[in-house]
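**Q** Let me give you the structure first, and then I'll get to my questions.
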Amino acid sequence: MSSLNTALKIFKKLLDRGQLDRDGDGDLFLEYRNGEVRSILAQMEEEMEFTIVEAGSTLYLVPDSSNGLLGFVSKDLREWIASDARLLDSYLLCYIVMVMLYLFYGGRNRNPKQRDYLRVSKLLEELDQRLGLALLEQEGAAGLEERYGINFVKIAELWESKQDYEEKARKTKTGTILNTCRLLERHNLIRLVDNEREIRCTRKLDDLMLNYYLSDSRVEEIQAFFEGGGEAHA
């Protein structure tokens, strides 16, 4: 088999499943270490705007943020939420994911993972606190908006407009969190357990966060974003 054919087989596996495991595809996993195969895949990464991440015995395909073909765009998120969802709804979904990841991986030590599980009620409490502060300290929220290009006040207003009793309907706070979690669960990044009261990370999420997304500089930026002194702690 030529190096090109091998590279295409690896890419197809990654495209179909999002990952390639040594246990299930040992030959292709070993071929990934072939210099010619790696060179072809590197060209594909550059041209098609994705990155292959190697984490232990698994390869993952990660679309670049600008990749509208392989990655998510706001239209995809709105369609996931509801047929009548607005752009603001997709921003809230993204913010919920950001807070969730911070609670899991916002540690300051060499291994930034802080916990193995997260109660949905704890995530709701954290969102209430942070978005409540954004409404109370709108001047600080405006500073964050200018820096990060995210309108935290509008997101906070949308969040506060939702009913806060613990029901799973889409328009409640709990329902909004669970809908966000189900999207991540669909991509094998988390699992909802204990009758959807608890969130647990998958190995895939651990691998991607600890081997790709959380470089030292990214950890510092995340900590500054959520712990910035003097500003609304959105």
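**Q** Select from region 1-46 the residues that are of a type in the set (D, E, K, R) and part of a helix (DSSP H, G or I) and list them in ascending order.
**A** The answer is LYS9, LYS12, LYS13, ASP16, ARG17, ASP27, GLU31, GLU36, ARG38, GLU45, GLU46.
Residues are listed down the side, and each one gets a yes or a no for (1) touching a residue at least 12 places away in the same chain (Cβ under 8 Å); (2) closer than 15 Å to THR6 by Cα; (3) acidic (Asp, Glu); (4) in contact with a Cys (Cβ under 8 Å, 6 or more places away or on another chain):
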{"position": "GLY26", "(1), (2), (3), (4)": "no, yes, no, no"}
{"position": "GLU31", "(1), (2), (3), (4)": "yes, yes, yes, no"}
{"position": "ILE40", "(1), (2), (3), (4)": "yes, yes, no, no"}
{"position": "GLU46", "(1), (2), (3), (4)": "no, no, yes, no"}
{"position": "GLU49", "(1), (2), (3), (4)": "yes, no, yes, no"}
{"position": "GLY56", "(1), (2), (3), (4)": "yes, no, no, no"}
{"position": "TYR60", "(1), (2), (3), (4)": "yes, no, no, no"}
{"position": "PRO63", "(1), (2), (3), (4)": "yes, no, no, no"}
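Matching residues to (1) of a type outside the set (Asp, Glu); (2) within 14 Å of the chain's Cα centre (by Cα); (3) surrounded by fewer than 17 Cβ atoms within 10 Å (Cβ to Cβ); (4) at pLDDT 85 or above:
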{"site": "GLY175", "(1), (2), (3), (4)": "yes, no, yes, yes"}
{"site": "ILE190", "(1), (2), (3), (4)": "yes, yes, no, yes"}
{"site": "MET209", "(1), (2), (3), (4)": "yes, yes, no, yes"}
{"site": "PHE226", "(1), (2), (3), (4)": "yes, no, yes, no"}
{"site": "HIS233", "(1), (2), (3), (4)": "yes, no, no, no"}
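**Q** Can you confirm whether region 133-155 contains a residue that is at pLDDT 90 or above and assigned to a loop (DSSP other than H, G, I, E, B)?
**A** no
**Q** Suppose the filter is in contact with a Lys or Arg (Cβ under 8 Å, 6 or more places away or on another chain), more than 29 Å from GLU45 (Cα to Cα) and either modelled with pLDDT under 90 or part of a helix (DSSP H, G or I) (or both); does LEU92 pass it?
**A** Here the answer is no, as LEU92 does not meet what is asked.
**Q** Suppose we filter region 55-78 for residues that are at pLDDT 90 or above and out of contact with any strand residue (DSSP E or B) (no Cβ under 8 Å at 6 or more places or on another chain); how many remain?
**A** Number of matching residues: 1.
**Q** Is it the case that LEU214 is closer than 22 Å to LEU61 by Cβ, in contact with a helix residue (DSSP H, G or I) (Cβ under 7 Å, 6 or more places away or on another chain) and at pLDDT below 90?
**A** yes
The values are calculated or read from the model by the stated rules, or taken from the named source; none is laboratory data. If you're wondering where the values come from, they're calculated on a predicted model, not measured in any experiment. Reconstructed Cβ throughout: ideal geometry from the backbone, glycine too, with neighbour counts over all protein chains shown.
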